[in-house]
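Reviewing the structure listed below.
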């Protein structure tokens, strides 16, 4: 039946957590995406690139069958992104977005 489209009690929250599982995002009908990360930098990175990559994937699907990354390729990319060194991975994107917003102090 009709709902108010909100997660309004613990039971619904647990159901949503089960859907997300070990993942980092889920699409919520009537809301858009919900993302999670080990840090705000990781969550923002996921939110930005979820939209960018969804758009690219949708456009590419019009040209034929898509070839997705293998689990091993995904693991290597995630490992490289999460290294946490200044100027690398999530930090590099975070620093870029901060500069674009006029924020110069991007220390943790």
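The values are calculated or read from the model by the stated rules, or taken from the named source; none is laboratory data. All values reported here derive from a predicted model rather than from experimental measurement. Every residue, glycine as well, gets a Cβ built from its backbone with ideal geometry; the counts of neighbours run over all protein chains shown.
Summary table below
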quantity	calculated
Odd one out for residue 105 among (1) surrounded by 10 or more Cβ atoms within 10 Å (Cβ to Cβ); (2) part of a loop (DSSP other than H, G, I, E, B); (3) touching a helix residue (DSSP H, G or I) at 6+ places or on another chain (Cβ under 9 Å)	(1)
Filtered residues of region 18-59 (kept if over 20 Å from residue 97 (Cα atoms), surrounded by 13 or more Cβ atoms within 10 Å (Cβ to Cβ) and out of contact with any helix residue (DSSP H, G or I) (no Cβ under 9 Å at 6 or more places or on another chain))	20
Neighbours by Cβ (under 6 Å, 6+ apart or cross-chain): first from region 75-97, more than 20 Å from residue 22 (Cα to Cα); second at pLDDT 80 or above	93/45; 94/41
Single condition residue 49 does not satisfy, out of (1) over 30 Å from residue 5 (Cβ atoms); (2) modelled with pLDDT of 90 or more	(1)
Residues located in region 17-42, provided they are without any contact (Cβ under 8 Å) to a residue 12 or more places away in the chain and in a helix (DSSP H, G or I)	17, 18, 19, 40
